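The values are calculated or read from the model by the stated rules, or taken from the named source; none is laboratory data. Bear in mind that the values here come from a model prediction, so they are computed numbers and not experimental data. Here the Cβ positions follow ideal geometry from the backbone for every residue, glycine too, while neighbour counts run over all protein chains shown. These accessible areas exclude ligands, DNA and RNA; they are computed on the full protein's heavy atoms, side chains included. Shrake-Rupley method; radii C 1.70, N 1.55, O 1.52, S 1.80 Å.
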Amino acid sequence: MKEPIETDRLLLRELLFSDVDGLFELESNPNVHLFVGNKPVTHIDECRAYVEFIHQQYKDFGTGRWAVILKETNEFLGWSGIKFITNEINNHKDFYEIGYRFIEKHWGKGYATEAGKAFIDYAFNVMKLDALYAYADAGNENSRKILEKLGLRYVNSFEYEGELEVWYELKNPNL
């Protein structure tokens, strides 16, 4: 396992099977899935399979989504992190994407921005990536605001899986 990352309020660490209950709370909420395909999970076994999938990404690519834990209470808030994308999206293939998803009761508290800043630092200073990318549903204003707070810049709009999406990027300022 990789060394966890700490911020002021958060502990960022690889996902564990003990996170499955929190993942189910997150991924079964239709409001959470409003802008990400409208396909909330219906059984906790789907979350167990998701953790297995993420563990395979850690092995294959050395990176993937991590659990976001509130240090004060040790509570699972959601996930964030850097994912290696192998399929083609918006004419990009084999790229690193920053992403986040949080349990609804934790929205609006700055956790996505706090975790995102830590992962950008990690991506550019530890992983030494050239760039990070992100995309979001064009109508997801909150996600777009977070990406812009993190310093990503809007590049273009495109259609993906029948939805209008927006593409953002951030180049490594150290290169």
With Y154 itself left out, Lys, Arg at +1 and Asp, Glu at -1 over residues whose Cβ is under 10 Å from its Cβ give 0
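With all protein chains present, how much of the accessible area of the stretch 1-131 (probe radius 1.4 Å) comes from carbon and sulfur, to the nearest whole percent?
C and S atoms contribute 50 percent here.
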With every protein chain kept in place and a 1.4 Å probe, the chain has an accessible area per residue in Å² of 53 Å²
Relative contact order in percent for the stretch 64-163 (Cα pairs under 8 Å, 6+ apart) equals 21 percent
Listed by chain and number, the lysines with an alpha carbon less than 24 angstrom from that of K128, same-chain partners under 8 positions apart left out, are K2, K59, K83, K93, K117, K149, K171
Simple spin-label estimate for E141/N29, 7 Å along Cα→Cβ, in nm, reads 1.9 nm
Using alpha-carbon coordinates alone, the radius of gyration and Dmax of the stretch 50-140 in Å work out to 13.6, 42
The equivalent-ellipsoid semi-axes of the stretch 1-50, taken as the square roots of five times the Cα gyration tensor eigenvalues and listed largest first in whole Å, are 24, 14, 9
log10 I(q)/I(0) for the chain, Debye formula on C-alpha points only (no solvent), q = 0.18, 0.19 Å⁻¹, two decimals, reads -1.32, -1.50
Each label sits 7 Å from Cα toward the beta-carbon; between K171 and N125 the label points are separated, in nm, by 2.1 nm
Whole-Hz Karplus couplings 3J(HN,Hα) for the stretch 53-61, θ = phi - 60° and coefficients 6.51, -1.76, 1.60, Gly and Pro as x, run 4, 5, 4, 5, 5, 4, 5, 6, 10
Rounded to 0.05, the calculated FRET efficiency for the beta carbons of F158 and E75 at R₀ = 35 Å is 0.45
